[in-house]
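For reference, the structure is listed below as structure tokens.
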Amino acid sequence: MKEDAIVREKAEVADVVIVGTGAAGLFCALNLPQNLKIYMITKDEAQNSNSFLAQGGIATLKSQDDYEAYFEDTMRAGHYKNNKASVETMIKSSPEIIDDLINYGVDFARDEEGLAYTREGAHSISRILHHDDITGREITSKLLEEAKTRANIQITEFMTMVDIIVEHNTCKGVIAYDKQKKLHAIYAKAVVFATGGIGGLFKFSTNFKHITGDAFAIAISHGIELQDVNYIQIHPTVLYTKDEGRRFLISESVRGEGAILLNEEGNRFVDELQPRDVVTAAIKKQMQKYNTEYVYLSMRNMDKNAIQPRFPNIYKRCLEEGYDLRYQDIPVTPAQHYFMGGIKTDLDAKTSMENLFAVGEAGCNGVHGANRLASNSLLESLVFSKRGANAIEKNIGKIDYEFVTLNLDKYNNLKELQKKYKQLIMEEIKKRDREFYDKWCSDENQCG
């Protein structure tokens, strides 16, 4: 038998299969009834999700007086392309989500008045909760810890989805291969895509390399509706390096706390608290003007004694690269960061295919519009994954298992399949936005 051959396994069953173990997938699982058998699969280690990497924080409605301003900030950042109903749902649900997280043991920063709020780009006030500069790790790890205590939740690492089981536009399960290259047909009454974005397709991205948008390619191949595929966010500030691999994000909260951007001549050239796409465009313009691969981020105007306590992880990483944030400017450059588009969903995470749901970066209900507001990603993923779980709970009693005849031969060549999936996604981006494609996706210097 060839080394890459796949050994076929007998069909398995679960009530719900969730593909992905980031914040959205975990929160969905935790909000499902504990009498349901939930099977979670992930391509890598369970903690290796983009949610885990989130630095800045999670935005929330600070008070009812803040609603209009928060709504406007989100709409303005998204160039008013947002779905207003989605934005309203996200914002109004945020206090409940924060309470849920605190009940799971998430330790948000506090001050003498209670929860401590910070500010990031395009927010008109400080409304972002955080845990140092590793908020995503704090939230995701606490959710993962809770999931591991639930007898009804099974988490299998290094299990890669290659397709879904479909009959009459109804999702009946997933097909996946495990670490030993054994192929599994897993039937379920409901399937949830929580697979993250498409950063692994780009050479320069803040995402983990294994997050390659497989769910989107599978959706395209089955005629499942997509939305806003051309809305791909480039983060303005990642630490510049010539090394290969995932780029280290310098959180927007650093600029929110006062850091400034400087060009090659040491001059400030942009309002750092503008939306991300505006700041990215300004940086690219300076890079082209001076024929450089980066600009500089300076924290020298900030309180030197406050930098390390507020940003311990960023400070440590920059020090490892030879930069002391207290005294030195650091080279930063834009890189792919977030996918605002995705598989089209309603407010309950339902897709155009029966019994298939999509949450987090995998799903798109238009909440972010054309450009995501900072620190709305964790909030959005939790709000709509919980709503998805509630929708599944409401209807799962009406669904029966139905086994179908499967042709598994087409999954034998995994490398060719993955190559095909990447091509499907890139062609879709090209079709939707040729200008973005030519700028960020058209050659091997941009796409890995």
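Remarks
- Candidates Asn390, Asn355, Asn371, filtered to the one that is surrounded by fewer than 24 Cβ atoms within 10 Å (Cβ to Cβ) and under 14 Å from Ile18 (Cβ atoms): Asn355
- Residues (more than 20 Å from the chain's Cα centre (by Cα) and part of a helix (DSSP H, G or I)) located in region 101-144: Ile102, Asn103
- Hits in region 271-325 - residues which are part of a loop (DSSP other than H, G, I, E, B), closer than 30 Å to Ala109 by Cα and in contact (Cβ under 8 Å) with a residue 12 or more places away in the chain: Glu272, Leu273, Gln274, Pro275, Met299, Arg300, Asn301, Met302, Phe311, Glu321, Leu325
- Close pairs (9 angstrom Cβ cut-off, 6 or more residues apart or separate chains): over 25 Å from Phe248 (Cα atoms) and not assigned by TED's automatic domain parsing to the domain that holds Leu249 in region 53-76, assigned to a helix (DSSP H, G or I) and among the hydroxyl-bearing types (Ser, Thr, Tyr) anywhere: Thr60/Tyr70; Thr60/Ser94; Leu61/Tyr67; Leu61/Tyr70; Leu61/Ser93; Leu61/Ser94; Lys62/Tyr70; Tyr70/Ser94
- In the condition set (1) assigned by TED's automatic domain parsing to the domain that holds Glu320; (2) surrounded by fewer than 17 Cβ atoms within 10 Å (Cβ to Cβ); (3) at pLDDT 95 or above, Arg300 is compliant with all but (3).
- Here is the figure for region 334-369: residues that are of a type in the set (Gly, Ala, Ser) and either in a strand (DSSP E or B) or modelled with pLDDT under 95 (or both) total 4.
- On inspection, Cys364 qualifies as buried (at least 18 other Cβ atoms within 10 Å of the Cβ) and in contact with a Lys or Arg (Cβ under 7 Å, 6 or more places away or on another chain).
The values are calculated or read from the model by the stated rules, or taken from the named source; none is laboratory data. All of these numbers come straight from a predicted model, not from anything done at the bench. Quick reminder, even Gly has a Cβ in these numbers, built from the backbone with ideal geometry, and neighbours come from all protein chains shown.
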